[in-house]
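Let me begin by presenting the structure, written as structure tokens, before commenting on it.
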């Protein structure tokens, strides 16, 4: 029997550098349906509760939007968001301030971070 080593740590938040942490948090709060659970001037968290991991947005005034797929300014982070209907979800994120990028169902959030809307895998329960 193979012994699995204890992990050094667990994921707490995915930290996203951005020029306006509250704007990034509001966008992703709406997209993912999770509340903003912590906020100060330079750091804002979106998570299911104050006792769960989530996304955190940290002020980086010199942050530059990715030029994906051009590698001049690489992706600073990337999220795959599972959805039941890619077209409807695409319209919804555009209404929240996203913009389309080249590729199938690829968008940028208001700060320019790329993300993909992926069809919900069969192992995941429906979102609605």
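The values are calculated or read from the model by the stated rules, or taken from the named source; none is laboratory data. Everything quoted here is computed from the prediction, not taken from an experiment. Here the Cβ positions follow ideal geometry from the backbone for every residue, glycine too, while neighbour counts run over all protein chains shown.
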**Message:** I'm told residue 39 meets every condition in (1) assigned by TED's automatic domain parsing to the domain that holds residue 12; (2) modelled with pLDDT of 90 or more; (3) surrounded by fewer than 16 Cβ atoms within 10 Å (Cβ to Cβ); (4) touching a strand residue (DSSP E or B) at 6+ places or on another chain (Cβ under 7 Å) except one. Can you identify the failing condition by its number?
**Reply:** (4)
**Message:** Looking only at segment 97-112, filter to residues that are touching a helix residue (DSSP H, G or I) at 6+ places or on another chain (Cβ under 8 Å) and within 15 Å of residue 18 (Cβ to Cβ); which one of those is modelled with the lowest pLDDT?
**Reply:** 111
